[in-house]
Amino acid sequence: MKAEIHPTFFEEAVVHCLCGNTFTTGSTVAELKTEVCSVCHPFFTGQQRIVDTGGQVERFQKRLHKSGTRPR
């Protein structure tokens, strides 16, 4: 391995989210700023909404029930 070609690794890099959450992680940057984290992301909070354009979700549900298969 060549010496002095790798970036400096910070064991205690601080991550700041727009929601106010702060946590530490390992990174090559000492301080990170992010817009979405696992505390405020809709997928992890259960607030995720399915945008139905043109009734696609209903058509899928109808086909699913008609075929007799169950979703996992």
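The values are calculated or read from the model by the stated rules, or taken from the named source; none is laboratory data. Quick caveat: nothing in here was measured; it's all calculated off a predicted structure. Here the Cβ positions follow ideal geometry from the backbone for every residue, glycine too, while neighbour counts run over all protein chains shown. We work out accessible area using only protein heavy atoms, side chains counted, and drop any ligands, DNA or RNA first. Shrake-Rupley method; radii C 1.70, N 1.55, O 1.52, S 1.80 Å.
Modelled this way, with points 7 Å down the Cα-to-C-beta line, the labels at Thr24 and Gln56 are 4.4 nm from one another. Taking Gly54, Gly26, Gly46 as the candidate residues, the one with maximal mean-square fluctuation in a Gaussian network model of the chain, Cα springs under 10 Å, is Gly54.
Using helices alone, I'd like the mean residue ellipticity at 222 nm for the chain: each DSSP H run of four-plus residues gives -39500 (n - 2.57), total over residue count, nearest 500. List each step's numbers first, then the result.
Working: 2 runs with 16 residues, N = 72.
Helices in the chain give a 222 nm mean residue ellipticity of -6000 deg cm²/dmol.
Between Ser67 and Lys2, the distance separating the two model label sites (each 7 Å from Cα on the Cα→Cβ line) works out to 5.3 nm. Semi-axis lengths, largest first, of the ellipsoid equivalent to the chain are 44, 18, 11 Å, with √(5λ) applied to each eigenvalue of the Cα gyration tensor. Please enumerate, by chain and number, the aspartates and glutamates with C-alpha under 16 Å from the C-alpha of Lys62, excluding those fewer than 8 residues away in the same chain. Here the aspartates and glutamates satisfying the reach criterion relative to Lys62 are Asp52. Expressed as a whole percent, the accessible surface of the chain that belongs to carbon and sulfur atoms is 55, based on a 1.4 Å probe.
Full extension of the chain segment joining Val15 with Val36 gains 6.5 nm, where the gain is 0.36 nm per residue of separation less the Cα-Cα distance.
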